[in-house]
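J.: Got a structure here, written out as structure tokens. Questions coming.
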Amino acid sequence: MKFTRGYIADFFSLLFPQLCEACNETLSRQEELICTNCLYNLPYTNFHRSNDHIVAQQFWGKLPLEGSFALFYFTKGGNVQRLMHHLKYRNKPQIGTLLGKIAGRQLSTHDKLKTADLIIPVPLHPSRLRKRGYNQSEYFAKGLAEIMEAKVSTKNLLRAKATETQTRKSRFERFENVSEVFKINDPAALAGKHILLVDDIMTTGSTLEACGNILLQIEGVKLSIATMAYAE
């Protein structure tokens, strides 16, 4: 009997089913990483449709932004938290790329954000990068860049000092923790660019603010921010 690739794929899917990274249900052959039901029902913010939303408001008076965005709302115990956990701690960087593509399609409709010509992920300290093996925000940036036809820069904004976890810190403590952590390697290469600064989850925005402040010291830089999720 002659077996097609489809039959073989179905056989292996019975033995080793691929599960949705968000809800843990079995994926069909046509689905990748996230099931169709989750793709439609995840808590999208739709911030690309407005310039006045909670993420933008958190930076008023702190950073002069061209635009700001988060793809999802983050809640403890929800499907977005499971996605972020698998992305960061279960060696699934491809989740970041997929979310970047989804976000890129939304940002391509935004008057200001779609004009970004350089995407910079918030960097990890080299010691943390070695431990994890990859920067999850870099994969998000790659997905964005593929859709938005922008370039990704990973060698210019650097994290010069390792920091403590931000999880249980207040907003002031978070900002103090990262206020002198980042540096620019080659300012001339960024001059005059519209930079889209990206990260995984935004809570107080302290890390993005610290990175943004140093980027905006470069002549002619315009700054926007985008994250995979916003924690309410």
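J.: Which residue is surrounded by the most Cβ atoms within 10 Å (Cβ to Cβ), if the candidates are limited to segment 14-43 and must be among the charged types (D, E, K, R) and within 18 Å of H85 (Cβ to Cβ)?
T.: Restricting to residues being among the charged types (D, E, K, R) and within 18 Å of H85 (Cβ to Cβ), the top hit is E21.
J.: Next question. So, in segment 211-232, exactly how many residues are out of contact with any Lys or Arg (no Cβ under 7 Å at 6 or more places or on another chain) and surrounded by 20 or more Cβ atoms within 10 Å (Cβ to Cβ)?
T.: 10
J.: Something else now. For N91, which of the numbered conditions (1) surrounded by fewer than 19 Cβ atoms within 10 Å (Cβ to Cβ); (2) in contact (Cβ under 8 Å) with a residue 40 or more places away in the chain; (3) within 15 Å of the chain's Cα centre (by Cα) fails to hold?
T.: Failed condition: (3).
J.: Related question: Just give me the residues in segment 44-75 being loosely packed, with under 13 Cβ neighbours inside 10 Å, of a type in the set (S, T, N, Q) and at pLDDT 95 or above, in sequence order.
T.: Start the filter on segment 44-75 by keeping residues that are loosely packed, with under 13 Cβ neighbours inside 10 Å, which leaves 46, 49-50, 52, 57, 60-61, 64.
Filter again for of a type in the set (S, T, N, Q), leaving 46, 50, 57.
Correct list: N46, Q57.
J.: Also, I was wondering about something else. With the checklist (1) at pLDDT 55 or above; (2) in a loop (DSSP other than H, G, I, E, B) in hand, flag the one item E146 doesn't pass.
T.: If we test E146 against (1) at pLDDT 55 or above; (2) in a loop (DSSP other than H, G, I, E, B), just (2) comes out false.
J.: Report, by residue number, each residue of segment 181-193 that is touching a helix residue (DSSP H, G or I) at 6+ places or on another chain (Cβ under 8 Å) and open to solvent by 10 Å² or more (accessible area, probe 1.4 Å). Before you say what the answer is, go through the steps one by one.
T.: In the first step, residues of segment 181-193 are kept if they are touching a helix residue (DSSP H, G or I) at 6+ places or on another chain (Cβ under 8 Å); the result is 181-184, 190.
The answer is F182, K183, I184.
J.: Could you go through segment 155-168 and let me know if any residue there is in a loop (DSSP other than H, G, I, E, B), modelled with pLDDT of 85 or more and of a type outside the set (A, V, I, L, M, F, W, C).
T.: yes
J.: So which residues in segment 125-149 are over 14 Å from the mean Cα position of the chain (by Cα) and surrounded by 22 or more Cβ atoms within 10 Å (Cβ to Cβ), if there are any at all?
T.: M148
J.: Then there is this: Looking at this structure, is V198 of a type in the set (A, V, I, L, M) and modelled with pLDDT under 90? Lay out the reasoning, then the answer.
T.: Working: of a type in the set (A, V, I, L, M): yes; modelled with pLDDT under 90: no.
No; evaluated as a whole, the condition is false for this residue.
J.: Note down all Cβ pairs under 9 Å where the first residue falls in segment 206-218 and is in contact (Cβ under 8 Å) with a residue 40 or more places away in the chain and farther than 15 Å from E66 by Cβ, the second is open to solvent by 30 Å² or more (accessible area, probe 1.4 Å) and part of a loop (DSSP other than H, G, I, E, B), and they're at least six residues apart or on different chains.
T.: S206/Q166; S206/K169; S206/S179; T207/Q166; E209/K62; E209/S179; N213/K62; N213/S179
J.: Mind checking which residues of segment 24-72 are in a helix (DSSP H, G or I) and basic (K, R)?
T.: Restricting attention to segment 24-72, the residues satisfying the condition of being in a helix (DSSP H, G or I) are 36-41, 47-49, 54-58.
If the condition is that a residue be in a helix (DSSP H, G or I) and basic (K, R), then R49 is the only one that fits.
J.: From A9, A103, grab the single residue that is modelled with pLDDT under 95 and either assigned to a helix (DSSP H, G or I) or touching a Gly at 6+ places or on another chain (Cβ under 8 Å) (or both). Give the steps one after another, and end with the answer.
T.: Details: A103 fails: modelled with pLDDT under 95.
Result: A9 is the single residue among A9, A103 that is modelled with pLDDT under 95 and either assigned to a helix (DSSP H, G or I) or touching a Gly at 6+ places or on another chain (Cβ under 8 Å) (or both).
The values are calculated or read from the model by the stated rules, or taken from the named source; none is laboratory data. Note that the structure is a prediction, hence the values are computed from the model and not measured. A quick note on method: Cβ atoms are made from the backbone with ideal geometry, for glycine too, and the neighbour counts reach across all protein chains shown. Note: accessible area is taken over every heavy atom of the protein model, side chains too, but ligands, DNA and RNA are not part of it. Shrake-Rupley method; radii C 1.70, N 1.55, O 1.52, S 1.80 Å.
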